[in-house]
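Here is the structure we will look at.
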Amino acid sequence: MVYLLLFVTLLHLITLAMLFIATMEKSWWVWDGLQNSDLWYNCRFDNFTGTWLCASSKETDWLQAVQVLMVLSVVFSSVSFLVFLGQLFTMSKGGIFYFTGLCQVFAGLMAFSAALIYTLHIKEILQDSRELTAGHFGYCFILAWLTLLVVQVTCVTGVYVRDVGHQQADWVGIHERICQLLVPIRTATLDSLKQTGSIEMQIKKLELIEICRLVAQSKLSERKHREALPAAHFCLRCSIDVHGPSNVQLVPAYLLLAEANMGLGDLDLVTELLAQAEWAVLKSPDCGHAVHHQLQRSLGRLHMATGKLEAALFNFANDIYFASEEYGLDSTITCGGYFLMADVFAKQGKTTIARSMYSQVAHTWHCHLTKHFKTHLQNVPNVKMLLDTSYEKPQQVEVDEMLRTMLEFEQNYPKKDLSQVALVAHCLAMLWYLGGDSLKALQFGGTALEAVQLIPHHDLTEPIQDLLQLLCGQQTGPHPGSE
């Protein structure tokens with residue numbers, strides 16, 4: 001990819017150089033080795049002084065047209081090159097160089113028109129009594145014609161660069177996982193349908209939907225929004241094949257696409273996708289609470305992105321209601337709605353309410369992680385084997401970001417609550433311990449211990465010290481399997 005971009009950059013420079021030379025140099029028409037004409041001057045070589053003696057060309061309408069067209073071609077080519085350099089650093093991966101290609105096309109058309117006019121009206125432009133057979137076209141005229149070919153190569157190569165980037169993003173995003181499953185589905189014939197059966201085909205499509213959903217969620221949790229797009233698109237496509245259009249089963253795919261495009265900043269498309277998801281839900285009055293909760297959370301995030309904070313609060317309130325109906329009030333899924341609502345209150349400057357809701361989220365996660373931590377210790381016979389990952393990476397990244405936000409908010413608050421700092425830092429220490437990163441667990445465990453030591457007889461003092469002792473023992477002890 002890098003070499004292709006360097007090649008396109010070189011083509012831009014070659015095009016600009018060719019146009020500049022063709023416009024400014026003095027060899028559009030050559031009478032003999034001692035006399036030639038360009039767009040601006042008629043020049044003759046003086047044997048006595050050994051220099052070129054030049055006089056301005058006689059202005060005609062056709063000559064002025066050629067001059068204007070060649071100057072415009074240089075301008076368009078310069079703009080194209082500068083915009084191309086800017087897009088290299090600002091355009092997202094897989095994008096198309098629309099404006100750059102358009103400027104290159106205009107530059108080529110200007111040069112082509114100039115060369116064509118010069119070819120057809122050479123007699124009127126030169127205004128010379130001699131026969132044209134006594135001279136010939138110069139190299140600048142040839143460069144003007146060749147520029148059209150170079151411009152076409154530049155445009156085609158630019159599109160190819162985009163396609164390569166797009167295919168690479170697709171492959172990294174989803175195609176590597178589903179290529180083998182696609183073969184019997186996309187190449188299905190009448191015989192293969194009889195052999196395989198439509199039921200088995202539907203099962204394969206359902207497997208594809210689940211794979212695409214998991215891959216898209218994983219990429220989104222890692223903030224790789226462009227890589228999540230192919231998986232989300234294919235999830236929607238297979239869902240439509242299996243369930244039909246406007247079915248409530250399409251809502252999860254719509255929400256994945258909406259989140260990916262929100263990360264890319266395309267809020268208009270996000271609004272359209274969520275409107276389709278909302279319409280599918282409205283058409284299904286028996287739709288489950290889980291789908292309602294996911295839709296309301298996505299709508300709330302959209303309204304936060306567009307600055308409609310009151311609407312976002314309404315959506316997050318509905319999100320909490322539906323999530324509590326489906327998963328319970330103490331669920332970590334439900335407390336995700338509390339966290340987002342607290343973010344809105346923080347943006348509104350209502351820090352007291354935001355801190356109260358952050359505290360509720362922190363206590364919910366602390367209870368959940370403590371239970372998971374104790375269960376994990378009981379189920380693993382060898383404590384040193386605890387470095388194996390217990391949390392899926394996407395979930396771990398999402399929870400880590402949420403807990404870090406609450407920790408930074410409390411640490412930056414003028415009257416910070418040391419108990420809250422210790423609680424959240426302890427959550428982060430347990431999270432990274434279960435995730436297999438003992439260094440980060442030690443870092444956050446140290447933060448929790450510093451805060452809790454300033455509070456006499458706090459309940460978390462002993463659990464935090466036990467966790468740190470366990471971590472220090474793993475750091476200094478022998479690795480599993482080494483004797």
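FYI, it's all coordinate maths here, none of it is from the lab. As the structure is a prediction and not an experimental result, all values here were calculated from the model. Ideal geometry is used to build each Cβ from the backbone, glycine not excepted, and the neighbour counts take in all protein chains shown.
Just to be sure I understand the model, the point goes 7 Å from the Cα along the line to the Cβ. What's the resulting Tyr413 to Glu398 distance in nm?
2.5 nm
Would you mind classifying the range 231-327 by shape? Square roots of the alpha carbon gyration tensor eigenvalues, ordered a ≥ b ≥ c; an a/c under 1.5 is rounded, otherwise it is prolate if a/b is larger than b/c and oblate if not.
Verdict is oblate for the range 231-327.
In which sequence would Thr447, Thr351 go, from the one with the fewest C-beta neighbours within 10 Å to the one with the most?
Thr351, Thr447
Write out the GluC sites (Glu not before Pro) in the range 388-459 meeting two conditions: DSSP loop, and at most 16 other Cβ atoms within 10 Å of their Cβ.
Glu392
So if I take the centroid of the Cα atoms in the range 325-355 and the same for the range 28-107, what is the distance between those two points in Å?
For the range 325-355 versus the range 28-107, the Cα centre distance is 63 Å.
Extending each Cα 7 Å along its Cβ direction at Phe89 and Phe314, get the distance between those two points in nm, one decimal.
Going from the Phe89 label point to the Phe314 one covers 4.4 nm.
Based on a Kirkwood Rh over C-alpha pairs, give the Stokes-Einstein translational diffusion coefficient of the range 9-86 at 20 °C and viscosity 1.002 mPa s in µm²/s.
D = 152 µm²/s.
Provide the packing ranking of 80-88, 368-376, i.e. peptides ordered by the mean count of other C-beta atoms within 10 Å per residue, highest first.
Packing proxy ranking, top to bottom: 80-88, 368-376.
Calculated FRET efficiency, Lys224 and Ile21, Cβ-Cβ r, R0 60 Å, to nearest 0.05?
Calculated value: 0.85.
Which of the peptides 112-125, 427-440 is most tightly packed, and how do the rest follow, going by the mean number of other Cβ atoms within 10 Å of each residue?
Going from most to least packed, we get 427-440, 112-125.
Would you mind checking Lys224/Lys350; Lys347/Lys415; Lys350/Lys415; Lys371/Lys440; Lys374/Lys416; Lys219/Lys283 for any pair whose Cα atoms are more than 24 angstrom apart?
Exceeds cut-off: Lys224/Lys350; Lys374/Lys416; Lys219/Lys283.
Could you sort the peptides 411-420, 48-57 by per-residue average Cβ neighbour count (10 Å cutoff), highest mean leading?
Order by mean packing, descending: 411-420, 48-57.
What FRET efficiency do you get for His121 and Leu34 if R0 is 22 Å and r is their Cβ-Cβ distance, rounded to the nearest 0.05?
For His121 and Leu34, the calculated efficiency is 0.35.
For Gln249 and Trp62, what is the calculated FRET efficiency with R₀ set at 51 Å and r taken between the beta-carbons, to the nearest 0.05?
With a Förster radius of 51 Å, E is 0.15.
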